[in-house]
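Derivation of every value follows stated rules applied to the coordinates shown; laboratory data play no part. It should be emphasised that the depicted structure is a prediction, and the values quoted were computed from it without experimental measurement. No Cβ is skipped: glycine too gets one built from the backbone with ideal geometry, and neighbour counts run over all protein chains shown.
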Amino acid sequence: MQATRGTAITAEAPPLRGIISASRARQIALVVGALGFAADLGSKTWALASLRPQQPVPLVPGFLAFNLYRNPGAAFSMGEGVTWLFTGIAILALGATLFMLVPRLRHVGWAWGAGLLLAGIAGNLADRLVREPGPFRGYVIDFIQFPWFICNVADIWITFAAIVGGWVMLIAKVGPDGRPESEPKPVVPAGRDKDHQSADSDVPEPPTPGSAPPGDAA
């Protein structure tokens, strides 16, 4: 691109995709979060009413089954014995997502990721707060069993949120506000950067009319 003399040339940035208004982004995140939380709560209610511990119901023999398990640990049955610690971490994570991430959202991918994260965190946090054996120590209801772990719908939402987050950060390379992680910088015309300006400052100014040239003064 060529510009008139003395005018800076600016690289043309590619059009920003997925940009939405702040209110629309918040709406997507909160609606996805609410629907995901409802799905998790409904699935756990069904599991408690229909399944029995240690009595798996095979869906795909040798790979997938429904099996009721009350999990005192974290996602995928990790960290059993420190339920109170995971409850505190979940409260902090939920607050950070709601009050720090959601207000910054301007990108549809980030809005969906935040909504899925809210659904996952809130689903398991609700179990910790209201289920036996007591507040902050409640067992999380898991019932989706694979050969390597057992989980629930909330864990699946958290996994999907991580996948969406990885995509927008590593593939799309955009931040929560929809801006590229590295925006193009203005291109300064040759001879107008700091080095040239410094060199120009060393060149003596031409003599004014009627004055003696440099070196001719008596």
*All other residues with a Cβ under 12 Å from the Cβ of A22 taken together, and with Lys, Arg as +1 and Asp, Glu as -1, what is their net charge?*
+3
_I need the peptides 126-139, 30-43 ranked by packing, meaning the mean over residues of other C-beta atoms within 10 angstrom, with the highest value on top._
30-43, 126-139
*Sequence-separation-based contact order of region 25-171, relative, with Cα cut under 8 Å and 6+ spacing, percent*: 33
*Residues M169, M100, sorted so that the one with the fewest Cβ neighbours within 10 Å comes first*: M100, M169
*What's the local net charge at R104, with K and R +1, D and E -1, over the other residues with C-beta under 11 Å away?*
+2
